[in-house]
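First the structure, in the form of structure tokens, and then the observations on it.
Derivation of every value follows stated rules applied to the coordinates shown; laboratory data play no part. No experiment lies behind these values; they were computed from the predicted model shown.
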Amino acid sequence: MRLRTSSSHKEGAERFFSISTKKFIGDEEGNLKGLITSEVEWVTVPGQRPQLKEVEGTEKEWKCELALLALGFTGSENTVAEQLGLEMDNRTNIKASEIDYKTNIPGVFVAGDQRRGQSLIVWAISEGRQAAHHVDKYLMGESALPLKGDGDLPRV
Ligand SMILES: Cc1cc2nc3c(=O)[nH]c(=O)nc-3n(C[C@H](O)[C@H](O)[C@H](O)COP(=O)(O)OP(=O)(O)OC[C@H]3O[C@@H](n4cnc5c(N)ncnc54)[C@H](O)[C@@H]3O)c2cc1C
């Protein structure tokens, strides 16, 4: 994998990958003074979401006074999905048709981030409008709510 190097990286930052912070170390006044990390590796099991596994014996202590957390999206909250028995994919999104947003449970529709994973507001609006049409049709037998045409967002 090739990573972009910007001018700020060239100022002297050293980047380390595939390490996970296990512990913050504070001084007696509660100020951060260090981190404990371990190396991690991706474990892939077909049909499941890849998991990060700690590599034993790789624990290391680093001096640190400032930690900035940049956390990625790790999937949607799934309580409602589990309560309703909704099928999910291996990225913890709820499975729903891209055509009519129907899930495996009749009368339950899903659109937006919970269906496609973390995305953009334009997609949430687009899917919300599409889903509204199909919910209306499901309830009323037909719908006058607009569906997007070829000129709107492409289906991806
Ligand atoms: C930090 C951050 C920055 C982002 N920046 C951008 C950006 O710059 N541009 C961009 O286009 N997109 C951005 N996004 C993505 C964008 O916000 C999402 O794609 C979009 O909001 C998804 O809309 P949604 O309606 O699918 O879900 P959400 O906006 O997440 O709406 C889901 C709603 O359901 C509610 N909810 C959850 N569980 C329950 C429950 N059990 N009962 C009732 N309500 C419930 C939640 O409170 C929430 O209000 C960003 C996302 C994040 C997290």
>> I need to check one value: relative contact order of the chain, counting alpha carbon pairs closer than 8 Å and at least 6 residues apart, in percent.
In response: 11 percent
> Of K10/K33; K23/K63; K102/K137; K22/K63; K22/K95, which pairs sit farther than 22 Å apart, going by alpha carbon to alpha carbon?
Replying inline: K10/K33; K22/K95
> Karplus couplings for the stretch 23-29 from phi (6.51 cos²θ - 1.76 cosθ + 1.60, θ = phi - 60°), rounded to Hz, Gly and Pro as x?
Replying inline: 7, 9, 10, x, 8, 5, 9
> By how many degrees, between 0 and 90 and to the nearest 10, does the Cα long axis of helix 121-140 differ from the longest principal axis of the chain?
Replying inline: 30 degrees
> Could you work out the helix-only [θ] at 222 nm for the chain, with each DSSP H run of four or more residues adding -39,500 (n - 2.57) and the total divided by the number of residues, to the nearest 500 deg cm²/dmol?
Replying inline: -6000 deg cm²/dmol
> Quick one: length gained pulling S8 to L68 fully straight, 0.36 nm per residue minus the C-alpha distance?
Replying inline: 20.0 nm
